[in-house]
Amino acid sequence: MERQQLKKLVLIGFMGTGKSTVSRLLSEKLGWKRVDGDEEIERLENKRISDIFADDGEAGFRVIETKVLESILANEECAVVATGGGAVLSAVNRELMLKNGYVVALKASPEQIIARVKSDTERPLLQGDAVERVTLLLAQRKHAYDFAHLTIDTTNMSAEEVVAAILEQWVIQQ
Ligand code: S3P
């Protein structure tokens, strides 16, 4: 791997797979900055994700998401980057991630994902029947996260265990 690729550790995964928690812990462990794609979008657009979806639709949100991801990855700073669950849907985004970072996919069982997100009122793609929405999106995105350098099933793991597993594999790659 080229040197520049090691400056970003990029977490991908479906909503509710633990990207935020794991990215926090990872950044603490590494002493690296943590950047959350969704938080960055909200900060730069000065708008909540749900409002962006309401005003510009999912397509509008995806355009902003790519622009922000590009700017997050286009610098020499070391960072742990948590991406939104749908950031992997764009081929441009996938290339950006693979080119600039070590990409780690977090997976979890549908039951655990549903348990984690079912009372969420914020995520625009989960409005309505959360079980139905998660089941449908999981089926649509069955292979969407397969491009990662490393995949970890977090279902029976604590966040600490996930972090340890990522660091172990990541060190081997260097
Ligand atoms: C989305 C996931 C969300 C957020 C947006 C769309 C998705 O991020 O980017 O609501 O398409 O899966 P999280 O995975 O952090 O919830």
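The values are calculated or read from the model by the stated rules, or taken from the named source; none is laboratory data. Predicted, not measured: the structure shown is a model, and the values here were computed from it. When we count neighbours, we look across all protein chains shown, and the Cβ atoms used for this are built from the backbone with ideal geometry, even at glycine.
Say we look at the range 1-20 and pick out the residues that are within 23 Å of GLU95 (Cβ to Cβ) and within 14 Å of the ligand (Cβ to nearest atom); which of these is surrounded by the fewest Cβ atoms within 10 Å (Cβ to Cβ)?
This residue is MET15.
Considering THR83, THR21, which residue is in contact with a Gly (Cβ under 6 Å, 6 or more places away or on another chain), at pLDDT 95 or above and of a type in the set (S, T, N, Q)?
Exactly one of THR83, THR21 is in contact with a Gly (Cβ under 6 Å, 6 or more places away or on another chain), at pLDDT 95 or above and of a type in the set (S, T, N, Q), namely THR83.
I need the full set of residues from the range 111-120 which are assigned to a loop (DSSP other than H, G, I, E, B) and exposed (fewer than 12 other Cβ atoms within 10 Å of the Cβ), in order please.
Within the range 111-120, SER119 is the sole residue that qualifies.
Taking the range 121-159, which residues are assigned to a loop (DSSP other than H, G, I, E, B), within 10 Å of the ligand (Cβ to nearest atom) and surrounded by 14 or more Cβ atoms within 10 Å (Cβ to Cβ)?
Matches in the range 121-159: ARG123, ARG141, ALA144.
Is the range 68-84 home to any residue that is within 13 Å of the ligand (Cβ to nearest atom) and acidic (Asp, Glu)?
no
Contact list please: Cβ distance under 9 Å, first residue in the range 85-102 and within 16 Å of the ligand (Cβ to nearest atom), second residue outside any helix (DSSP H, G or I) and of a type in the set (Lys, Arg), pairs at least six apart or on different chains.
GLY85/ARG123; GLY85/ARG141; GLY86/ARG141; VAL88/ARG141; LEU89/ARG141; MET97/LYS8
Of everything in the range 40-67, what is more than 9 Å from the ligand (Cβ to nearest atom) and of a type in the set (D, E, K, R)? Give them in sequence order.
Selection gives GLU40, GLU42, ARG43, GLU45, LYS47, ARG48, ASP51, ASP55, ASP56, LYS67.
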